[in-house]
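The values are calculated or read from the model by the stated rules, or taken from the named source; none is laboratory data. This is a predicted model, so every value here is computed, not measured. For neighbour counting, all protein chains shown are included, and Cβ atoms are generated from backbone atoms with ideal geometry for every residue, glycine included.
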Amino acid sequence: MTPPFPRTGLCAFPSQKWDALFSSALGGGTNWNIQRSTLQNGRYTQPQVLPFSINSVDYEEGPYIAPDESFLIFESIRPEGIEGSLDLYISFKNKAGQWSLPLNMGPKINSGSSERFASLSPDGKYLFFGSSRNQAPDRPGFDIFWIDASVIDELKQSRAAQTLIEPALGETIIGALYQNDVETAAPALKKWLALYPQNLDATVIYSSTLRKQKQYASAAQVLNNVADQWKNNTNILMERALVQFGLNKEEEANKILSPLLVEGDQLRERYLYLAVALLDMAKIQPSEAYFEKAMSIHTSSYPYFNRACTLARMGEKDRAFAALNQAVTYGSLVLKTDYQNVADLKPLESDVKWKLLMARLK
């Protein structure tokens, strides 16, 4: 199976039909997204990205699909997460093949730490998942937890689980977000919020698309109109700060951010969120400062690669090459095919530094 994107997928989980769902780093304006490939005549089809809001702009990975494909569990970082953490979400599928809005699986499963890689026992009675909630300096990594699978039936009865995604609109949104096409994404997200007004993830993304178009007053209005329960949500507050950065009110932005940027499990992710958003706004210096802080907590290849793609689109070739070389150094992206035929990197291929980069790769 050959994915249509430059980096191969991870975490394939076949259903009883031998269809496969897996996550892959798409690049563009999204992060890791879940894709599906169906088995037809002994061959897998080109993968299709699942619609918004199963997929979003940030991180969706570790898909587990029920053997009868009645539900999908996956891990994601999004505003609805407990303390902004990596949580497990569930989406149910009806008999017509339509998915419901993803639902955070709640405090019985999720915590302020990270939860990942859910799966059912073969008899369907127990749900297993990994969690870093017991992590300590002398106990890194994840532990395995289990819970009675009846929690899935309980979640299915909720109102959110009965709310079905409008597939065409969801496909338009995720496609526009992947293409960094904010002119298409913004009106589509506005329509989405008319259908699903309580969708916090869409609210934050809609505000960000307006911010990227320098419509700062409109972005601020979207944030001001959120329900009282979300006023102090971390993502809402960070978007408020980013609007202030856009207005060149850095002191006001820092006042908003100060209580959010304290030691904790999610500090690295918050630094990365700000670094990516500020780079999109061409605020290179504050973006670099936050990015360096994030990498000082934990370094990996993919943030450098994604940053290089954005820098290349901006025409910042020297900075882009510096980031690409760091991506190679940290070892997860060491094949030439990881870098070749990536649209964002095409402007770099005529530079002599590209040959030097290729010489470092297998």
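Among the residues of region 19-35, are any modelled with pLDDT of 85 or more, under 11 Å from the mean Cα position of the chain (by Cα), surrounded by fewer than 23 Cβ atoms within 10 Å (Cβ to Cβ) and within 24 Å of Tyr196 (Cβ to Cβ)?
Residues of region 19-35 modelled with pLDDT of 85 or more: 33-35.
This time we only want the ones that are under 11 Å from the mean Cα position of the chain (by Cα), so: 33-34.
Pick out the ones that are also surrounded by fewer than 23 Cβ atoms within 10 Å (Cβ to Cβ) and you get none.
The answer is no; no qualifying residue exists.
Residue under question is Lys108, and the condition is that it be over 22 Å from the mean Cα position of the chain (by Cα), within 30 Å of Val262 (Cα to Cα) and in a loop (DSSP other than H, G, I, E, B); does it hold? First the steps, then the outcome.
Working: over 22 Å from the mean Cα position of the chain (by Cα): yes; within 30 Å of Val262 (Cα to Cα): yes; in a loop (DSSP other than H, G, I, E, B): yes.
The answer is yes for Lys108.
Can you pull out every residue in region 279-313 that is among the polar types (S, T, N, Q) and assigned to a loop (DSSP other than H, G, I, E, B)?
So in region 279-313, the residues among the polar types (S, T, N, Q) come out as 285, 287, 296, 299-301, 306, 310.
Selection gives Thr299, Ser300.
Quick one: Asn199 ticks every box in (1) of a type outside the set (D, E, K, R); (2) in contact with a helix residue (DSSP H, G or I) (Cβ under 6 Å, 6 or more places away or on another chain); (3) surrounded by 18 or more Cβ atoms within 10 Å (Cβ to Cβ) except a single one, so which number is it?
(2)
Please work out if Ala241 is surrounded by 19 or more Cβ atoms within 10 Å (Cβ to Cβ), small (Gly, Ala, Ser), under 30 Å from Asn199 (Cα atoms) and not assigned by TED's automatic domain parsing to the domain that holds Glu80.
Numbers: surrounded by 19 or more Cβ atoms within 10 Å (Cβ to Cβ): yes; small (Gly, Ala, Ser): yes; under 30 Å from Asn199 (Cα atoms): yes; not assigned by TED's automatic domain parsing to the domain that holds Glu80: yes.
For Ala241, the condition - surrounded by 19 or more Cβ atoms within 10 Å (Cβ to Cβ), small (Gly, Ala, Ser), under 30 Å from Asn199 (Cα atoms) and not assigned by TED's automatic domain parsing to the domain that holds Glu80 - is met.
When only residues in region 314-346 that are of a type in the set (S, T, N, Q) and part of a helix (DSSP H, G or I) count, which is surrounded by the most Cβ atoms within 10 Å (Cβ to Cβ)?
Filtering region 314-346 down to residues of a type in the set (S, T, N, Q) leaves 325-326, 329, 332, 337, 340-341.
Subset that is part of a helix (DSSP H, G or I): 325-326, 329, 337.
Values: Asn325: 15, Gln326: 18, Thr329: 13, Thr337: 13.
Only one residue tops the list, namely Gln326.
Based on what the data block shows, is Tyr273 surrounded by 16 or more Cβ atoms within 10 Å (Cβ to Cβ) and touching a strand residue (DSSP E or B) at 6+ places or on another chain (Cβ under 8 Å)?
No; evaluated as a whole, the condition is false for this residue.
Can you tell which of Ala275, Ala294, Ala282 is closer than 17 Å to Val243 by Cα, touching a Pro at 6+ places or on another chain (Cβ under 9 Å) and in contact (Cβ under 8 Å) with a residue 24 or more places away in the chain?
On the way: Ala294 fails: closer than 17 Å to Val243 by Cα; Ala282 fails: touching a Pro at 6+ places or on another chain (Cβ under 9 Å).
None of the other options fit; the residue is Ala275.
Among (1) free of Cβ contacts under 8 Å to residues at least 60 places away in the same chain; (2) assigned to a helix (DSSP H, G or I); (3) over 17 Å from the mean Cα position of the chain (by Cα), which single condition is Trp192 missing?
Condition (1) is where Trp192 drops out.
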